[in-house]
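Below you'll find the structure, written out as structure tokens, and then a few comments.
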Amino acid sequence: MDDKAWEKRYEREKAARLQAEKIAEEKTREIYYRNLELKKLAETLEEQVKERTAQLESNNHRLVESRNTLRTHQYELQEINQRLQEKAAELEKISHHKSQFLANVSHELRTPLNSLMILASILAENHEGNLTSDQVHSVQIIFNSANELLEIIEDILDMSKAEAGELSIYQEDILLGDIWRSLTDQFMPISKEREVDFEVICAPNLPEWIHTDRKRLKQILKNLLANAFKFTPKGGSVKLLIHKETWRVGKDFSSEGLVFQVTDSGIGIPKDKHESIFHMFKQADGSTSRKYGGTGLGLSISRKLARMLEGDLTLESKKSQGSTFSLILPPLTLVTTEKSIRNVNSEFIIVSEEDITEPFTGQEVLLVDDDLRNSFALSRLLESYGLKVHLAESGQQALDFLEENKRIELLILDMMMPVMDGCEVLKHLRGKVEFRLMPVIMLTASMLKDDELLCRAAGADDYLQKPVEIRVLMDHIRSWISA
Amino acid sequence: MKGIIFTEFIEMVESRFSVEVAEQIIETADLPSGGSYTSLGTYSHHEVLKLVIKLSSVSGVNPADLQFVFGEYLFGRFNEVHPEFFDGVQGSFEFLSKVQEYIHVEVRKLYPEANPPTLTCKRIDERHMELHYASHRPFAPLAFGLIKGCGIHFGENLTIHYEPLPGTGDGTEARFHLTLEG
């Protein structure tokens, strides 16, 4: 190869080297720039990561804060809940105590009211004729006030029981006559005082016994009658009509229920108030209570009770045209197990002011009661009906007295007495042959239903609750000793 | 085409023929690059074809045979330049199987602008394999030589049946049937 060729080759190799160097330089530069880019990217990424981390941290912080707030709220709520529960328990306790207290108060008030009412009604009769008509009127007012007081006590007691869900119903066979007699007793003086005519009308086909809650039935009717008198002006009239009526349960079945209808010729109730007057503390008009008085509890309780007896309480009235409240009791009320032992009067009975009953003729009765006011009131009452009344203050005294006086025809025994109670006295008495058949009527101021069972188990022939209604007591006495 | 192919080709011409022959073909081939090649550069594959054709006219050996010989030579050089490709490889079948999935990937890492052919291997059994070549360049004979060189490298008695396929032009596609003898 010649020099020229070598030279050419050398030039070519040189060009190749330069080319290679240039490529290498370019590559290096490229790598440098790539590196720079990567660095930047890494930095940006780092920055982003930092930013994100900061964000996450702040989010986390916020979450922790809200979690803590929530926890605090939760604790607070728990605490509040706890306090509420404690409060509820406390309130329940207080409510229970209140009910208990009211029950006790009611019992304690009944006993003095019993003597007050009996004595007032005896005085009002004015047998000795030595009272002026003004005095008689005053005594009537005393009786009526006492009666109202009794009703208020019962209403308050019942409302507190209803609130506590303790309103109970005890159904038994009772004498229908007891109901209307006692109502007549209670409301005749009011009728005289208010100069409002009062009549009890019994339909001819009524049974002697009915099956219902004695106390509740009387309570409803007393309420209705008290209202009727309250809203009927002087010269008007109030009627209690007792009759049977078709009771409908569905279309296929119908039977007869017992209806007590209280009708007055009073101020009436506007149609739009017919429902609201059955609500607690409601009267037809807010001003009514100021003019006519009353707690506004009566009708609410009455309807509640009527429904508890599986019946209902309805109203028909127009303003200024009087009102008729109907207590409807279901057919089961007429199903009783007690057999009729007295004559059922099949006539239409209309009881009005004058009650003509034959007085007793000095039959001897022993009245045992540790409460002297009661003994006094009752003995005055019984004596005014022609009975000779002996008194005993304790069970032992009664037993001793009976040993020596064989002429006693009837024993009226208070149940709650210290040392020896009524049941104890009866046990001793029934253990002796000569006293085994002596009729005994047990009296008690207690409102407990078990008491009657206890009395009957101990050997009592009859049982009456204080305050006793004169007519009912006399009716019961009459069924054991004849005039 | 990668510069290493050119530099290696010139090397081969210089060693198998002579420096003069190399000078002569470079001088007469009318090359746009002027024939100054560096392994880092990239050049048109037409320059290789021109050089092959010139070498053919100088030596009287036909171009396909020259490609084959170059391939055989090139494989030996690969082993020297890139010994990492041969790490733990036991024989030609295993090596050829790795060309597409491993070696071409590595090539792209070194030369991002490289555009290697598609090489698909189908192992029939322990002794038989089918190899399919497809490229936009007409270098199937070169591939033939490379396979031959591979067999020699591993000291195997490898029979290669070369079946040219139409492809996009002469030498752009081929199927090789490989049999491991003995």
Practice item. Could you order peptides B:10-22, A:54-66 by the average number of other Cβ atoms within 10 Å of their residues, highest first? Key: B:10-22, A:54-66
Study note, to complete from the structure: Cα extents of the stretch A:1-138 per principal axis, largest first, Å, are 181, 26, 19
Review point. Do any of A:K4/A:K27; A:K218/A:K271; A:K40/B:K98; A:K27/B:K54; A:K215/A:K244; A:K192/A:K230 go past 25 Å between their Cα atoms, and which?
Key: A:K4/A:K27; A:K218/A:K271; A:K40/B:K98; A:K27/B:K54
**Study point:** the protein assembly as shown - Rg (one decimal) and Dmax (whole number), Cα, Å
**Key:** 63.8, 182
Review point. Net charge near B:T42, counting Lys/Arg +1 and Asp/Glu -1 over other residues with Cβ under 14 Å of its Cβ?
Key: +2
Study note, to complete from the structure: So the angle from the long Cα axis of helix A:176-194 to the longest Cα principal axis of chain A, reported in degrees to the nearest 10, equals 80
Point to revise | Cα centre as origin, Lys/Arg/Asp/Glu Cβ charges: the protein assembly as shown dipole, Debye | key: 1080
Practice item. Mind pulling up the Rg/Rh value for the stretch A:364-478? Radius of gyration and Kirkwood radius, both on Cα. Key: 0.92
Point to revise | Accessible area of chain B divided out per residue, in Å², using a probe of 1.4 angstrom | key: 48
Review point. What's the average, rounded to a whole number, of partner chain beta-carbon atoms within 10 Å of each residue's beta-carbon in B:31-39?
Key: 5
Point to revise | Area hidden from solvent between A and B (accessible, protein heavy atoms only, 1.4 Å, total, Å²) | key: 1100
Practice item. For A:L167, list long-range residues whose amide hydrogen, built 1.01 Å from N in the peptide plane, is under 5 Å from its own amide hydrogen. Key: A:A162
Point to revise | At 0.890 mPa s and 25 °C, Stokes D of the stretch B:95-164 from Kirkwood alpha-carbon radius, µm² per second | key: 187
Practice item. Could you work out how far the C-alpha centroid of the stretch A:22-68 sits from that of the stretch A:197-267, in angstrom? Key: 96
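I need the calculated FRET efficiency for the pair A:E7 and B:T120, taking r as the beta carbon distance and R₀ as 30 Å, to the nearest 0.05.
On the way: r = 48 Å, r/R0 = 1.60.
So the FRET efficiency works out to roughly 0.05.
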Study note, to complete from the structure: Here the whole-number average of other chain Cβ atoms within 10 Å per Cβ of B:22-29 is 2
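Give me the compactness ratio for the stretch B:60-182, meaning the Cα radius of gyration over 2.2 N^0.38 Å. Walk me through the numbers before you get to the answer.
Working: Rg = 13.8 Å, N = 123, 2.2 N^0.38 = 13.7 Å.
Normalised by 2.2 N^0.38 Å, the Cα Rg of the stretch B:60-182 equals 1.01.
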Exercise for review: Provide the net charge surrounding A:L429, with neighbours chosen by a C-beta distance below 15 Å and charges set as Lys +1, Arg +1, Asp -1, Glu -1.
Suggested key: -4
Point to revise | Cα-based shape type of the stretch A:15-72, given that a ≥ b ≥ c are square roots of the gyration tensor eigenvalues and the cut on a/c is 1.5 | key: prolate
Practice item. Mind listing the long-range amide H neighbours of A:H390? Cut-off is under 5 Å, sequence gap 5 or more, other chains count too, H placed in the peptide plane at 1.01 Å from N. Key: A:V365, A:L366, A:L367
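Could you tally the net charge around B:A29, taking each other residue with its Cβ under 12 Å from the Cβ of B:A29, Lys/Arg +1 and Asp/Glu -1? It would help to have the intermediate numbers written out before the result.
Values: positive: B:K50, B:K54; negative: B:E23, B:E27, B:D30, B:E47.
Spelling it out: positives minus negatives among the neighbours equals -2.
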Practice item. Excluding residues fewer than 8 places away in the same chain, name every one of the aspartates and glutamates whose C-alpha is closer than 16 Å to that of A:K406. Key: A:E364, A:E434
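Estimate the FRET efficiency between A:E245 and A:N405 by the formula 1/(1 + (r/R0)^6), using the beta-carbon distance for r and 51 Å for R0, to the nearest 0.05.
Working: r = 51 Å, r/R0 = 1.00.
For A:E245 and A:N405, the calculated efficiency is 0.50.
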**Study point:** For the stretch A:193-237: rounded, prolate or oblate by the Cα gyration tensor [a/c cutoff 1.5]
**Key:** oblate
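Suppose a student asked you for the relative contact order of chain A, using Cα pairs under 8 Å spaced at least 6 residues apart; what percent would you report?
The normalised contact order for chain A reaches 13 percent.
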Exercise for review: Would you pull out the residues with amide H under 5 Å of A:V238's amide H, same chain only if 5 or more places away, H placed 1.01 Å from N?
Suggested key: A:D197, A:F198, A:E199
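Residues of the stretch A:364-478: accessible area per residue at 1.4 Å, in Å²?
For the stretch A:364-478, the solvent-accessible area averages 42 Å² per residue.
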Practice item. Starting with the highest mean, order B:107-114, A:121-128, A:256-263 by the number of other Cβ atoms within 10 Å, averaged over the residues of each peptide. Key: A:256-263, A:121-128, B:107-114
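Highest mean first, what order results for B:120-127, A:70-77, B:47-54 on Cβ atoms within 10 Å? Working shown, then result.
Details: B:120-127: 11.9, A:70-77: 10.0, B:47-54: 20.1.
Peptide ranking by packing, descending: B:47-54, B:120-127, A:70-77.
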Practice item. Could you please state how large a percent of the accessible area of the protein assembly as shown is carbon and sulfur, counting protein chains only and using a 1.4 Å probe? Key: 54
Exercise for review: Note the angle between two axes, namely the Cα long axis of helix A:3-125 and the longest principal axis of the Cα atoms of chain A, as a number of degrees from 0 to 90, rounded to the nearest 10.
Suggested key: 10
Exercise for review: Counting only DSSP beta bridges with both residues in chain A, tell me the antiparallel percent, nearest 5.
Suggested key: 55
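If you take the square roots of the eigenvalues of the alpha-carbon gyration tensor of the stretch B:31-97 and sort them as a ≥ b ≥ c, do you get rounded (a/c under 1.5), prolate (a/b over b/c) or oblate?
Details: a/c = 3.14, a/b = 1.62, b/c = 1.94.
Oblate is the answer for the stretch B:31-97, as a/c is 1.5 or above yet b/c matches or exceeds a/b.
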Revision key, fill the gap. Measuring from the longest principal axis of the C-alpha atoms of chain B, the long axis of helix B:3-12 (C-alpha) lies at a number of degrees, nearest 10, equal to 80
Review point. Once phi is turned into θ = phi - 60°, what whole-Hz ³J(HN,Hα) does the Karplus curve with 6.51, -1.76 and 1.60 give for every residue of the stretch A:367-376, x standing for Gly and Pro?
Key: 10, 10, 7, 7, 8, 5, 4, 5, 4, 4
Point to revise | J(HN,Hα) series, the stretch A:420-430, from Karplus relation 6.51 cos²θ - 1.76 cosθ + 1.60, nearest Hz, glycine and proline x | key: 10, 7, x, 5, 4, 4, 4, 4, 4, 5, 5
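The values are calculated or read from the model by the stated rules, or taken from the named source; none is laboratory data. Note that this is a predicted model, so its numbers are computed, not measured. Note that each Cβ is placed from the backbone with ideal geometry, even for glycine, and that neighbours are counted across all protein chains shown. Keep in mind that these areas ignore ligands, DNA and RNA; they rest on the heavy atoms of the full protein, side chains included. Shrake-Rupley method; radii C 1.70, N 1.55, O 1.52, S 1.80 Å.
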